[in-house]
Amino acid sequence: MQNKQTEEQVLEILKQFKPEKSEILKALHALQNAHPLHYITEEAITQTARYFKLTTGQVYGVVTYYSMFSVKPRSPFIIRLCKSPVCYMKGSLNLWNYLSQKLLLNENNISSDDLFTLEPSECLGHCEQAPAMMINEQVFTNLSPKKIDQIIDDFKRKYHEK
Amino acid sequence: MKNDFPYISLKNVDKADLTKIENYLHFGGFSAIKQSLGLSADEIIDRIKKAGLRGRGGAGFPTGLKQSFTKTSCEVCLQKYVVCNADEGEPGTFKDRYIMEKNPFAIIEGMIIAAYAIGANKGYIYIRGEYEQAIRTMQAAIDDCYRYDWLGKNIAQSNFSFDIDIYIGAGSYLCGEELTLIESLEGKRGYPRIKPPFPAEKGLWQQPTLINNVETFSHIPFIINEGYEAYACIGTAESKGTKLFCVSGNLKQTGVFELPMGITLRELIYDVCGGMLEGFEFKAALLGGAAGTFVDASFLDVPLAYETLKQKGATLGSGAVMIIDQATNLKDLLINILEFFKHESCGKCVPCRIGTTLIYERCKKAQLLPDDINWLIQQTEYMSRNSLCPLGQSPILPVKSFFTYFNV
Ligand SMILES: Cc1cc2nc3c(=O)[nH]c(=O)nc-3n(C[C@H](O)[C@H](O)[C@H](O)COP(=O)(O)O)c2cc1C
Ligand code: FES
């Protein structure tokens, strides 16, 4: 798989949005989601700035403020595990440790097979079925180590089938 | 427990899939808009005031009053805006997601009526980025409204035009705070603005802006359709209508429940949710989220309403009811909450940036002595006096209530 985003691809995505300031976050989401490694590249930031008539610094400031955006390369799948009060009471810390060991994370929290990035998240708004996590845009609730095994295996299988 | 109350936010969601516009119309959807367009702006606002509707985003500010401020804040202005706050970042809260996924048109209908009342032509729904499903449902609902002429130019053949766009957040609790949300809507970092001016005077792009919570908007069609009397007879003396309670913890049933204001914690836990799960005992509850208050068993019979909780130093907040059982280590839970504030502090003002770290570190001490506890309370008081925005003013709520009821 191609792990890059070309200048043309970035422009193609930006053009879907009106060049108004209230469209910036949407554009950044789209850029990040389209990148195979789920992050916003330096080149994309520069192009975004030009498109919205801002300075590179301003766009960089926006990207680094919001926790859903990354300026570092990540992986095809981003796991966001909730560690807010309800999930915490229901053992999300153990699940964090379980996932870390299962995925053999490196110092950037990326799995040894480069498929998953594990990130902590604040309340995901699914507390009635805690503990909860998201993988990219999908939500998984009532988690247990066994359920996590299934979910991760599923993602791996589907990825390799493609 | 009172069983004879009408559902408002979740009206008819058990009867049909209300994400389909045909079904919403079948149950009389959008009739409140038709009625409103025949009323004057002041008549609408007057009805909202008389209904006693208070904002469901946490602070409980009277909605009609906010509408009249926004309506009258300028003689001639370029533009006014209506913003729906669907950022829902308060831990333990998931009701806005539920309304958006189950009853999207009621929110839009409420926004359209509010816009007509204050004279706005442009609206935004600010949804947190994690709510993929809600974003899709709301976008589809907006598209349907355009197709059926409930949005856009000359709504229902009137002179009134109104557009709505969705805005997608990107993971920041603070962006739920109204002025910070507006900064974020302008495509900037989510740093708070100094209040005043309030959004009603200078909001989005420095124009008058009405900002309300999802649940608040979803109540407006009912008030117009059924009349303010029908609304005002639900609830308590100062908290009218129904409320969505978000119940979580080790209970037989958890989830979002629409109930009249003033239901007690005991009714909620034992009648509505069927009691605690086998092997778990009620120990405490955290009401209103991380920026909420701890309560103990002495609160089981206190009505859950703004004024009754306030009298006892507690808060209803967003409607989060996190039930804590005997198996939970309370101090670890407090540390978890202080870590949340530390993480979400934006760093713009010193009392909050440094304060949230200091209280978190001190709370992690193996043994909290009376001196530590006094110091923690003093620090949060200091933060609440000197922080720029309500985030730094919040840790005092969980910290003070915690040490009022629990010894650790
Ligand atoms: C740190 C912080 C976070 C907030 N988050 C939210 C939120 O996620 N949703 C919301 O409706 N209100 C939130 N509020 C309250 C809003 O500032 C504002 O009071 C509310 O949107 C007004 O709507 P209402 O009058 O309908 O309640 C938050 C406030 C603070 C201080
Ligand atoms: S606390 Fe984890 S989803 Fe709310």
From the alpha carbon gyration tensor of the stretch B:242-325, can you work out the equivalent ellipsoid semi-axes (sqrt of 5 times each eigenvalue) and give them in Å, largest to smallest? 18, 14, 11
Rounded to the nearest 0.05, what FRET efficiency do B:ASP296 and A:LEU93 give with R0 = 25 Å and r taken as the Cβ-Cβ distance? Could you check? 0.50
Want the number for B:GLU43 to B:ARG136: 0.36 nm per residue separation, take away the alpha-carbon distance, what's left? 30.0 nm
Please compute, for the alpha-carbon atoms of the protein assembly as shown, the extent along each of the three principal axes and give them in descending order in Å. 64, 64, 47
What's the magnitude of the charge dipole for the stretch B:1-105 around its Cα centre, counting Lys and Arg as +1 and Asp and Glu as -1 at the beta-carbon? Answer in Debye, nearest 20. 240 debye
Across peptide B:188-196, how many C-beta atoms of other chains are within 10 Å of each residue C-beta, on average? 2
Given charges of +1 on the Cβ of Lys and Arg and -1 on the Cβ of Asp and Glu, with all other atoms neutral, how large is the dipole of chain B about its Cα centre, in debye to the nearest 20? 760 debye
Note: B vs A interface, total accessible area buried (1.4 Å probe; ligands, DNA, RNA excluded), nearest 100 Å², is 3300 Å²
In the stretch B:1-45, if every C-alpha pair distance is counted and binned at 5 Å from zero, what percent goes to each bin? 5, 17, 20, 17, 16, 15, 8, 1
Taking r as the C-beta separation of B:ASN407 and B:GLU361 and R0 as 22 Å, the FRET efficiency to the nearest 0.05 is 0.55
To the nearest whole number, what is the average tally of beta carbon atoms from other chains within 10 Å of the beta carbons of peptide A:82-94? 6
According to a simple spin-label model (label point 7 Å from Cα along Cα-to-Cβ), what is the distance in nm between B:ARG353 and A:ASP113? 4.2 nm
Cα gyration tensor shape of the stretch B:330-405, rounded if a/c is under 1.5, else prolate or oblate by comparing a/b with b/c: prolate
Using only Cα atoms, tell me the angle between helix B:370-386 and the longest principal axis of chain B; keep it within 0 to 90° and round to the nearest 10. 30 degrees
Work through the residues other than B:THR293 whose Cβ is under 14 Å from its Cβ and net out their charges, Lys, Arg +1 and Asp, Glu -1. +1
With N denoting the number of residues in the stretch B:172-268, provide Rg(C-alpha) divided by 2.2 N^0.38 Å, to two decimal places. 1.40
Around B:ILE45, with a cut-off of 15 angstrom between Cβ atoms, what is the net charge of the other residues, counting Lys and Arg +1 and Asp and Glu -1? +4
Length added when fully stretched, B:ASP14-B:ASN225, from 0.36 nm per residue minus Cα-Cα: 74.0 nm
Using only the alpha-carbon atoms, how far is helix B:350-363 inclined from the longest principal axis of chain B? Give it as 0 to 90 degrees, nearest 10. 40 degrees
Let me know the mean shielding of A:116-126 by other chains, meaning the per-residue number of their Cβ atoms within 10 Å of its Cβ. 5
Using a probe radius of 1.4 Å on heavy atoms only, what accessible surface per residue do you get for chain B? Whole Å² is fine. 38 Å²
Taking θ as phi - 60°, what are the ³J(HN,Hα) couplings along the stretch B:66-79 by the Karplus curve (6.51, -1.76, 1.60), each to the nearest whole Hz, with x for Gly and Pro? 4, 4, 5, 4, 5, 5, 9, 6, 8, 6, 10, 10, 4, 6
Given the C-alpha atoms of the stretch B:1-79, compute the convex hull and give its volume per residue in Å³. 171 Å³
Long pairs among A:LYS18/B:LYS95; B:LYS50/B:LYS95; A:LYS21/B:LYS66; A:LYS21/B:LYS202; B:LYS312/B:LYS364; B:LYS240/B:LYS310, criterion Cα-Cα beyond 22 Å: A:LYS18/B:LYS95; B:LYS50/B:LYS95; A:LYS21/B:LYS66; B:LYS312/B:LYS364
Per residue Cα convex hull volume in Å³ - calculated over chain A: 121 Å³
Estimated distance in nm for a label pair at B:GLU75 and A:THR6, the labels positioned 7 Å out from Cα along Cα-to-Cβ: 5.9 nm
Can you tell me the FRET efficiency between B:PHE61 and B:ASP371 if r is taken as the Cβ-Cβ distance and R0 is 45 Å, rounded to the nearest 0.05? 0.75
If you take the square roots of the eigenvalues of the alpha-carbon gyration tensor of the stretch A:57-141 and sort them as a ≥ b ≥ c, do you get rounded (a/c under 1.5), prolate (a/b over b/c) or oblate? oblate
So if I take the centroid of the Cα atoms in the stretch B:346-408 and the same for the stretch A:28-56, what is the distance between those two points in Å? 38 Å
Per-selection Rg to Rh, chain B - Cα, Kirkwood hydrodynamic radius: 0.97
Cα gyration tensor category, rounded, prolate or oblate, for the stretch B:1-153 with a/c compared to 1.5: rounded
How far apart, in nm, are the 7 Å Cα→Cβ label points at A:THR55 and A:GLN150? 5.3 nm
In the stretch B:100-125, whose amide N lies under 14 Å from the spot 7 Å out along Cα-to-Cβ of B:ASP163? List them in ranges. B:121-125
What number, rounded to the nearest 500 deg cm²/dmol, is the helix-based mean residue ellipticity at 222 nm of chain A, given -39500 (n - 2.57) per DSSP H run of at least four residues and division by all its residues? -13500 deg cm²/dmol
Which order do peptides A:101-109, B:166-174, A:89-97 fall in by mean Cβ count within 10 Å, highest first? B:166-174, A:89-97, A:101-109
Output the peptides A:15-23, B:269-277 sorted from most to least packed, where packing is the average of other Cβ atoms within 10 Å over each peptide's residues. B:269-277, A:15-23
Taking only pairs that are 8 or more places apart or on different chains, how many Lys pairs in the stretch A:27-128 have Cα atoms under 30 angstrom apart? 5
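The values are calculated or read from the model by the stated rules, or taken from the named source; none is laboratory data. Every value quoted in this text rests on a predicted model; they were computed, and no experiment measured them. No Cβ is skipped: glycine too gets one built from the backbone with ideal geometry, and neighbour counts run over all protein chains shown. Note: areas computed on protein heavy atoms with side chains; ligands, DNA, RNA excluded. Shrake-Rupley method; radii C 1.70, N 1.55, O 1.52, S 1.80 Å.
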